[in-house]
1. Could you please find all residues in the stretch B:62-75 being more than 10 Å from chain A (Cβ to nearest Cβ) and part of a loop (DSSP other than H, G, I, E, B)?
2. Among (1) more than 11 Å from chain A (Cβ to nearest Cβ); (2) without any contact (Cβ under 8 Å) to a residue 24 or more places away in the chain, which single condition is B:N119 missing?
3. Considering the stretch A:18-55 alone, what residues qualify as being open to solvent by 30 Å² or more (accessible area, probe 1.4 Å) and without any contact (Cβ under 8 Å) to a residue 40 or more places away in the chain?
4. Restricted to the stretch B:143-162, and to residues that are among the hydroxyl-bearing types (S, T, Y) and surrounded by 15 or more Cβ atoms within 10 Å (Cβ to Cβ), which residue is nearest to B:G70 (Cα to Cα)?
5. Filter the stretch B:163-173 for residues that are under 21 Å from A:D139 (Cβ atoms) and buried (at least 19 other Cβ atoms within 10 Å of the Cβ) and give the result.
6. With respect to the numbered conditions (1) closer than 28 Å to A:A94 by Cβ; (2) more than 16 Å from DNA strand C (Cβ to nearest atom); (3) small (G, A, S), which one is the sole condition not fulfilled by A:S170?
7. Of all residues being within 15 Å of A:A127 (Cβ to Cβ) and over 15 Å from the mean Cα position of the chain (by Cα) in the stretch B:119-137, which is most open to solvent (accessible area, probe 1.4 Å)? Just the residue, please.
2 protein chains.
Amino acid sequence: MNIEAQLQQVFDLPPQQVRKISPYFVEEQMAKGMFFLGQGQRADRLSFVASGLFRVFAQTESKEVTQWIGGSGYFITDLSSFLFDQPGRWQIQALTDAKIFSLYKDDYKHFEALIPEWNVLEKRFIAKCFMILEKRVFDFISLSAEERYLHYFEQHKAYFNQVPLQYIASVLGMTPETLSRIRSKVGS
Amino acid sequence: MNIEAQLQQVFDLPPQQVRKISPYFVEEQMAKGMFFLGQGQRADRLSFVASGLFRVFAQTESKEVTQWIGGSGYFITDLSSFLFDQPGRWQIQALTDAKIFSLYKDDYKHFEALIPEWNVLEKRFIAKCFMILEKRVFDFISLSAEERYLHYFEQHKAYFNQVPLQYIASVLGMTPETLSRIRSKVGS
DNA sequence: TTGTATTCTTGATAAATGTCAAGAGCATTG
DNA sequence: CAATGCTCTTGACATTTATCAAGAATACAA
């Protein structure tokens, strides 16, 4: 997915506006296994995934927990760290070779001046992220593990060939063994 | 909690700015049981809870699911409906008599003109809501039911005398029976 | 106050999920 | 190609949670 189409889609912008901001998104290549964001690092960029897959995870006392898997069309960053300059909470690692377009914080700061309605667009963007999480919370309190798996599989079929299932299990809030049994039961 | 102090805290605004917008938040009294937002209604206002408690819930085929309980200091609305003019997804009902301050959509629209930095403030506000949900998702995938209960109890002790436990159970993603057993086990 | 909801608890049992351990399947590397 | 790690699956068993049902406690209304 190219950066201009993606910006146009995410922010619902006309092409001429897109051309104003797209130059600030710089292309980066990430090799499989590389860290987009290491433990405790502050997020200095907001990046759109053009190709490849990333996992967003955190360390607890007892285990590593994958919060989110982001592929083409999604953005990755530690939002609270990026927006509020807090120490990072998430680590982000490339699960495959990947290409991303990164907006660095120094450039990001100038967007308000560059595009008058930038704050409105960004607000809408964050609101959409909020809605995605709201839906996800609702799934946790209203669905069984099997239903959560089926929904996730429906929406992210592409991940299942490329991502270790243990990470997907964590995103769904279950153990790898349980995911494995659900999969053999529903037959996918 | 009065509306000026609340606006100041939520939006991190100096008093003179608060005075510019606070008049647009109109006081409403809600009697216990009344619906702030009924099934399928569009959200036409964003309201801060000054006193009282509300539950935000949705109907599934099989059951009613409480997503959130909002008390003093929180805002209530159906955010996606309010921001994007979509049909409502949530119903919102007063669990006690309550006092709220409502910003109606018609007034809200003028805030950009009234306060130049309004969009920045609103963006930050929504981002904070995002962070709360992000934390909540993480709790679901990383904690046991008992731990989730203990966290929630720690943060919302005040709810437990006023809210039917079945609603809290739903927020925590468990049945009322399980919540009851956890409570008798940990002894609160 | 009394009667009627509703809510909460408790028990018995079933179902779902986690844990631990072993082995099979795959990929990566030398 | 062989050797070494991961990853995934499967089994046995423990733990957690749900379900159904009944009774106790509580709140609400006549």
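1. B:G71, B:S72, B:G73, B:Y74
2. (1) is the only condition that B:N119 fails.
3. Step one: list which residues in the stretch A:18-55 are open to solvent by 30 Å² or more (accessible area, probe 1.4 Å), which gives A:19-20, A:23-24, A:26-29, A:31-35, A:39-42, A:44, A:51.
Within the stretch A:18-55, A:R19, A:P23 meet the criteria.
4. First, the residues of the stretch B:143-162 that are among the hydroxyl-bearing types (S, T, Y): B:144, B:149, B:152, B:159.
Keeping just the survivors that are surrounded by 15 or more Cβ atoms within 10 Å (Cβ to Cβ) gives B:149, B:152, B:159.
Working: B:Y149: 17, B:Y152: 13, B:Y159: 9 Å.
Here the residue is B:Y159.
5. Taking the stretch B:163-173 as the starting set, the residues that turn out to be under 21 Å from A:D139 (Cβ atoms) are B:166-173.
Within the stretch B:163-173, B:Y167, B:I168, B:A169, B:S170, B:V171, B:L172, B:G173 meet the criteria.
6. Of everything listed in (1) closer than 28 Å to A:A94 by Cβ; (2) more than 16 Å from DNA strand C (Cβ to nearest atom); (3) small (G, A, S), A:S170 misses just condition (2).
7. First, pick out the residues of the stretch B:119-137 that are within 15 Å of A:A127 (Cβ to Cβ): B:119-134.
Next, only the ones that are over 15 Å from the mean Cα position of the chain (by Cα) stay: B:119-124, B:134.
Details: B:N119: 17, B:V120: 24, B:L121: 12, B:E122: 11, B:K123: 19, B:R124: 96, B:E134: 20 Å².
Checked the stretch B:119-137; the qualifying residue most open to solvent (accessible area, probe 1.4 Å) is B:R124.
Rundown of residues vs (1) over 16 Å from B:T77 (Cβ atoms); (2) touching a strand residue (DSSP E or B) at 6+ places or on another chain (Cβ under 7 Å); (3) within 16 Å of DNA strand D (Cβ to nearest atom), yes/no style:
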position	(1), (2), (3)
B:E112	yes, no, no
B:I115	yes, no, no
B:C129	no, no, no
B:R148	yes, no, yes
B:P176	yes, no, yes
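The values are calculated or read from the model by the stated rules, or taken from the named source; none is laboratory data. In this text the structure is predicted, and so the values were computed from the model without any measurement. All Cβ positions, glycine included, derive from the backbone under ideal geometry; neighbour counts span all protein chains shown. Ligands, DNA and RNA are excluded from the accessible area calculation, which covers all protein heavy atoms including side chains. Shrake-Rupley method; radii C 1.70, N 1.55, O 1.52, S 1.80 Å.
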